[in-house]
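**Q** The following block contains the structure, expressed as structure tokens.
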Amino acid sequence: MATVTFDHVTKKYGEVVAVDDFTLQIQDGEFMVFVGPSGCGKTTSLRMIAGLEDITTGTLAIGDKVVNDIPPKDRDIAMVFQSYALYPHMSVFDNLAFGLKLRKVDKKEIDRRVKEAAETIQLTNLLQRKPKELSGGQRQRVALGRAIVREPAVFLMDEPLSNLDAKLRVQTRAEIARLHQRLKTTIVYVTHDQVEAMTMGQRIAVMSQAKLQQVGPPQELYDHPANKFVAGFIGSPSMNFLPVELSGSGETAVLRTDGLQIPLPSHYRSAVGAVTGGRFVIGIRPEHLDVAPLSGPSTTVQARADVVEYLGNEELLHVEIAGTDVVAVVSADRRVRPDDVLTVHLPLDKMHLFDAETELNLPRSAA
Amino acid sequence: MDPRLVTAIIVVVGVPAVLVGYIWLTEQALRLLGQRLRPRLRPWLWLAPALAFLAVFLVYPTIGTFVRSLQNKAGTDFAGLDNYAWFFGNDSSLIALRNSLIWLVVLTAITVGIGLLVALFVDRVRYETVAKSVIFVPLAISMVAASVIWTFMYDYRTPPDPQVGTLNALLGTAGIAPVAWVQVSDFAFNTILLVIVMAWMWTGFAMVILSAALKGINPELLEAARVDGATEAQVFRRITLPLLAPTIAVVTTTMIITALKAFDIVYVMTSGNFDTQVVAFQMIRQLYDFGNPGRASAIAVILLLAIIPVMAINIRRFRAQEAIR
């Protein structure tokens, strides 16, 4: 068990910066998820923990030991690869035992630990098989087993579910979460899938363009995204964005765009004053919009339903507001049809306001 | 018209025409047969020309050679196993047998060993393609040309003539007396020198095949082993090498067969003198120099029998590979 600490870590490939000034402390026993679009540096960061990539500048520590120059084999970590990377010429048993044999663990002990791990991942009757004789899901479990059996200080997982079909993925997601609850070992998990990140991570580090955008528990990222990127990346369907301009001031200040005027919520009044230029972006989550009146403070706009996606329990409405395609998730018993003209209710208390220039989420004041 | 031109036209146009005609005829004949018989018979009819060629040009000569190996020099009478007894009973043949064994072991060891080493190294340099091309080029040179090149390398002149051979020139600059390289038969030294010529040609082949196999290994496997706690040497021995094993087996058998066929280099560089003769060389000598087709055939059969187990292992390996693919 150990903490993992990134201290101003940068990774460059020639001129290309893959990870830029990354600072993060992963707690002992924490389930940390690195999430972001492809090429954002999340896998590179994971591989730096593993020791498979050199660190250009900064320091990386596992526990209280700086590991910049320590080879992978001496880092006490185990990794699950996206391709599983099972040794094709070895049986499942030998795949699991490989790391223990290299560490010269006693043969009886190897036997015991492999059997125990095989039970955990339900592979006991497949131990003599070669990887080629296994299904995708079974291979994935062997890859997990190979990590578990080592009893490492930190588990590293690089998109371990991306090669599974949807049903198996949901199942394995729960299995990994259960595994973490039982083992209580630090896990660093990389994925590009925000649903995986939200459901599994105790904390999530959102990365984009080589930079750490925000780190926090799922709820915090959802409720208080630090910037427009995080706001759009976390949550499904994605947050709606409307570019607006500020006019007026004090009580009468409004956010204005084509055919739409939204009174500036009072808790943003002090924050907008610090922004020059007066250009902002409103962010509203699809699930916070409705075609029925809302309980909190709200404003309304008339809009025509463009496409209606029926999902059984709910509907995804695509409506056009101020020239932008806006998605609303509403209860399926609203029974909206394409071309219906609707009154869409926008909640003012759940609305986010971003500086159009810096894309940062503006702070709310208590008042 | 020139009769040679006529022959050429007949071959170029006639052979495909005959084949097409054969297929057309068999298809016509198949129509006359019942629905049940047709699919069973068709593959055999299509295979028949190839089988016929194999029978005429491979099976028949093999049987003929075997029969001839049991006959006397003039081919007038059967001599039992006399030709075989002769082969295993005279010094010259036994030296040839020993030399062929040296060829087989040393050539395979050098080509596979150095080929693998180079494949591993070029995998890590930027100028990989250039390096690979340079090492591969000698394979494009004919055996005879290669022999001539290396004759200059090993050349020896009786002093006080100036030494033009590369090796002796080098010795000369160091003030050491010249050596008649290919005449030194102690510990089969000269045979090994000849093997080096073949190895120079074939190492590139081994390297290219092994390098391709090396690139086929998923790099995540090696990373997984490193994370699992393996040193670079352990990664190589426990992951890379086992995964390369099928390819190494293929290259090894190819080299064994090449070694058993060795003849040209010996013929050009030493004419089989100084105890450098090999089995294939003995065969040619019996056939042309001594006019003894019986003995030559016996040697041919011995060579064939020597290659069969190698081929059998190769084919079995190939099947095993296919099964887990």
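**Q** With a 10 Å radius around each residue's Cβ, average the other Cβ atoms per peptide and rank B:180-192, A:39-51, highest first.
**A** Sorting B:180-192, A:39-51 by mean packing, highest first, produces A:39-51, B:180-192.
**Q** Also, quick follow-up: For segment B:185-190, take each phi angle, set θ = phi - 60°, evaluate the Karplus expression 6.51 cos²θ - 1.76 cosθ + 1.60, and give the result in whole Hz per residue in order, putting x for glycine and proline.
**A** Result, rounded to whole Hz: 9, 4, 6, 6, 4, 5.
**Q** Also, quick follow-up: Taking amide hydrogens as modeled 1.01 Å from N in the peptide plane, which residues meet the under 5 Å criterion relative to residue A:18, leaving out close sequence neighbours?
**A** Those qualifying (amide H under 5 Å, at least 5 residues apart or on another chain) are A:11, A:12, A:13.
**Q** Next question, about the same structure. Roughly how many whole Å is it from the C-alpha centroid of segment B:7-59 to that of segment B:286-303?
**A** One Cα centre to the other: 36 Å.
**Q** Next question. How would chain B be classified by its alpha-carbon gyration tensor: rounded, prolate or oblate, with rounded meaning a/c under 1.5 and the a/b versus b/c comparison settling the rest?
**A** oblate
**Q** P(r) for segment A:44-181: what percent of alpha-carbon pairs falls in each 5 Å bin, starting at zero?
**A** Reading upward from the zero bin: 2, 10, 19, 21, 20, 15, 9, 4, 1, 0.
**Q** With +1 on each Lys and Arg Cβ and -1 on each Asp and Glu Cβ, how big is the dipole of segment B:139-279 about its Cα centre, in debye rounded to the nearest 20?
**A** Its charge dipole is roughly 200 debye.
**Q** Under the rule of at least 5 residues apart or a separate chain, name every residue whose amide H is placed under 5 Å from the amide H of residue A:321.
**A** When sequence neighbours closer than 5 places are left aside, the close amide H contacts are A:326.
**Q** Let me ask something else. When only Cα pairs under 8 Å and 6 or more residues apart are kept, what is the percent relative contact order across chain B?
**A** Answer for chain B is 25 percent.
**Q** Okay, next question. Between residue B:318 and residue A:238, what FRET efficiency comes out of the Förster formula 1/(1 + (r/R0)^6) with R0 = 41 Å and r the beta carbon distance, rounded to 0.05?
**A** 0.15
**Q** Next up: Which ³J(HN,Hα) values, rounded to whole Hz and listed in residue order, are derived for segment A:147-164 from phi using the Karplus coefficients 6.51, -1.76 and 1.60 in 6.51 cos²θ - 1.76 cosθ + 1.60 with θ = phi - 60°, glycine and proline given as x?
**A** So the J values, rounded to whole Hz, are 6, 4, 4, 6, 6, x, 6, 9, 9, 10, 10, 9, 6, x, 9, 6, 9, 9.
**Q** Give me the net charge for the shell around residue B:300: Cβ to Cβ below 15 angstrom, other residues only, Lys and Arg +1, Asp and Glu -1.
**A** Summing Lys and Arg as +1 and Asp and Glu as -1 gives +4.
**Q** So for segment B:3-54, what are the equivalent ellipsoid semi-axes in whole Å, largest first, each being the square root of 5 times an eigenvalue of the Cα gyration tensor?
**A** Rounded to whole Å, the semi-axes are 30, 12, 5.
**Q** Let me ask something additional. Please compute the modelled spin-label separation between residue B:73 and residue B:20, points set 7 Å along Cα→Cβ, answer in nm with one decimal.
**A** 5.4 nm
**Q** Still on this structure, please answer the following. Using the alpha-carbon centroid of each, what span in Å lies between segment B:95-146 and segment A:179-218?
**A** 51 Å
**Q** Sum -39500 (n - 2.57) across every DSSP H segment of at least 4 residues in chain B, then divide by the residue count to get the 222 nm mean residue ellipticity, nearest 500.
**A** After summing the helix terms and dividing by the residues of chain B, the value is -21500 deg cm²/dmol.
**Q** Still on this structure, please answer the following. Mind giving me the FRET efficiency for residue B:237 and residue A:307? R0 is 56 Å, r the Cβ-Cβ distance, nearest 0.05 is fine.
**A** 0.40
**Q** Residue by residue, what Karplus-based ³J(HN,Hα) values in Hz, rounded to whole numbers, does segment B:296-305 have, using 6.51, -1.76 and 1.60 with θ = phi - 60° and x for Gly and Pro?
**A** Computed from phi, the couplings for segment B:296-305 are 4, 5, 4, 5, 4, 5, 4, 4, 4, 4 Hz.
**Q** Tell me, what is the FRET efficiency for residue B:137 and residue A:224 to the nearest 0.05, using R0 = 56 angstrom and their Cβ-Cβ distance as r?
**A** It comes to 0.25.
**Q** Just report the Cα centroid separation between segment A:249-271 and segment A:314-365, whole Å.
**A** After rounding, the separation between the Cα centres reads 17 Å.
**Q** Please report, to two decimal places, log10 I(q)/I(0) for the protein assembly as shown at q = 0.06 Å⁻¹ as given by the Debye formula with identical point scatterers on the Cα atoms and no solvent.
**A** Scattering profile of the protein assembly as shown, log10 relative to I(0): -0.64.
**Q** Sticking with this one: For the residue pair residue A:174 and residue A:261, what label-to-label distance in nm results when each label sits 7 Å from Cα along the Cα-to-beta-carbon direction?
**A** Spacing of the two 7 Å Cα→Cβ label points: 5.2 nm.
**Q** Next question. Would you mind checking the pairs A:12/B:132; A:101/A:211; A:132/A:211 and listing those with alpha carbons more than 32 angstrom apart?
**A** The pairs that break the limit, which is 32 Å between Cα atoms, are A:101/A:211; A:132/A:211.
**Q** Further question on the same structure: Can you compute the helix-only [θ] at 222 nm over chain A? Use -39500 (n - 2.57) per DSSP H run of at least 4 residues, normalise by all residues, nearest 500 deg cm²/dmol.
**A** -7000 deg cm²/dmol
**Q** How large is the charge dipole for the protein assembly as shown, taken about the Cα centre, if only the Cβ atoms of Lys, Arg (+1) and Asp, Glu (-1) carry charge, to the nearest 20 debye?
**A** Around 2700 debye, computed over the protein assembly as shown.
**Q** Still on this structure, I have one more. Using amide H atoms built in the peptide plane, which far-off residues or other-chain residues are under 5 Å from residue A:300 H to H?
**A** Correct list: A:346.
**Q** Here's something else I'd like to know. Pick out, from B:72, A:96, B:109, the residue whose Cα sits farthest towards the positive end of the charge dipole of the protein assembly as shown, with +1 on the Cβ of Lys and Arg and -1 on the Cβ of Asp and Glu.
**A** The Cα lying farthest towards the positive end belongs to B:72.
Computed from the coordinates by the stated procedures, all read-outs in this text should not be read as laboratory data. From a predicted model like this one, the values you see are computed outputs, not experimental measurements. In this analysis, Cβ positions are derived from the backbone assuming ideal geometry, glycine residues included, and neighbour counts consider all displayed protein chains.
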